[in-house]
Amino acid sequence: MSRVLIIDDEEKITRILKEAISKEGYDVETRSGAEEALPLIEKGGVDIILCDLRLGGMDGLELLRRSRKSSPGTDFVMMTAYASATTAVEAMRLGAYEYLIKPFQIDEVTLLLKRISERRELMIENLALREKMSLKGDGRIIGDSPGIRSVLDLIGKVAPTPAPVLITGESGTGKELVAAEIHTLSSRSTKPFIVINCAAVPENLLEAELFGHEKGAFTGAIQKKPGQFRLADGGSLFLDEIGELPLALQAKLLRALDNGEFLPLGSTRPVKVDVRIIAATNRDLEKSSATGGFRQDLFYRLNVFPIRISPLRDRKEDILPISRAFLSGRASSSEISADVVEMLEAYSWPGNVRELRNVLERAIILSGGKPVERGHIMIPGEGPDAAGDGLSALVGKKSLEEIEKSLIDIALEKAGGNKSKAAELLGITRRTLYSRMDKYRLGKGGGD
């Protein structure tokens, strides 16, 4: 079980949290301050940190910065009664897994820890699988269609080289997975694989995020910070949604690609790095470069080795193996009936593999741990129609509120009225479930 470190200067909170978390089987340590906790973190072995934002002396954000350097594999959860958008954004930018607002319910914390622990266990399993992978990376990119076989072949050819790669395809096709596979099968696999979504970072922060900044470079730059380029030194930097990169930054990126140098904001000294660039986009960059929306010279520099991922609708033969792989370990059976396969293959999947995974995730919740059937699949044009199991209540519903109310009814029925179990089936906290039940005036009979 994961080792958890609680850092809070309120003794009552640390005592309550430790007692509750220990009952769930976690190995729990507590500290009252960041300075006291730092040596334990630097020593290693801490899996999850629950840290208050405001502490005497060093605050939670500074501890987060330091822990990311000394223990990058540790998951960090920030806790605070003084929530603000600025601190929340900063915490998440620095790598915090979650941001909890006090007061919170204990079951929110235990559910969060369970989710983190499951993710950590999955990562460990994936690392073990990587050691057994063949050159084609079997077991990570799933599918046997001609399109996927072609992608795997291209990955195997380009991974050992230092060539930049441009991955194209619709949203949800798995471009980040392909990028990760290229890195894993390269000589850089023991070095960092850094991911940045160019569309997710505000334009005024993107340059500092990529290239770093000096202290005082702009308002709020209270200390020097490395950018993602420097953090990825020796490894690979995956620039997702590269087509959204502002033109002014495209010139700076081109320089970094050409000679491996860049200037952090506010600095006059260039920084030299050895980084492999893997970029991805769902846009037609060649067309965009012809119309001035994207630098043509940068396009040619990125497009040294292009890999295109076909949409899921063009490789229907991959739907069944992807579904089986996702259901394995999550549902009571990974086998899928012929009518469910027919239903899945008849749909066009505009959201591609991501949409398929979301549909299957809902199906697992609705199935209550039993084998997934046709009535559990919720896709446009189809409705849950398994009479007798409560799903028929969704047929004909139009509003989101009606569907949500019906899902709660189904989860409560599957859980035998047990609120905690129903909340777990729905993937929400018990407090959220009670809130929804109050909203829809649902009965509160049954156990906790």
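Before moving on, here are some points about what is shown:
- The chain, relative contact order in percent, only Cα pairs under 8 angstrom and at least six apart counted: 11 percent
- Note on 66, 188: ascending count of other Cβ atoms within 10 Å places them as 66, 188, the fewest first.
- Exposure proxy for 191, 370: other Cβ atoms within 10 Å of each Cβ, ordered fewest to most, give 370, 191.
- Stokes-Einstein D in µm²/s, Kirkwood radius over Cα pairs - the chain at 37 °C with 0.692 mPa s viscosity: 133 µm²/s
- Exceeding the 26 Å Cα-Cα cut-off - candidates 69/224; 23/439; 114/370; 43/421; 12/114; 114/191: 23/439; 43/421; 114/191
- Ranked 284, 409, criterion: other C-beta atoms within 10 Å, fewest first: 284, 409
- The range 272-345: proportion of alpha-carbon pairs further apart than 22 angstrom, %: 52 percent
- Gyration tensor verdict on the range 9-121 (Cα atoms; rounded if a/c is under 1.5, prolate if a/b is larger than b/c, oblate otherwise): rounded
- Gyration tensor (alpha-carbon) shape descriptor, the range 153-263, a/c threshold 1.5: prolate
- When DSSP beta bridges are restricted to pairs lying wholly in the chain, around 10% turn out antiparallel.
FYI, it's all coordinate maths here, none of it is from the lab. Treat the numbers as computed from the prediction; the structure is a model and nothing was measured. Reconstructed Cβ throughout: ideal geometry from the backbone, glycine too, with neighbour counts over all protein chains shown.
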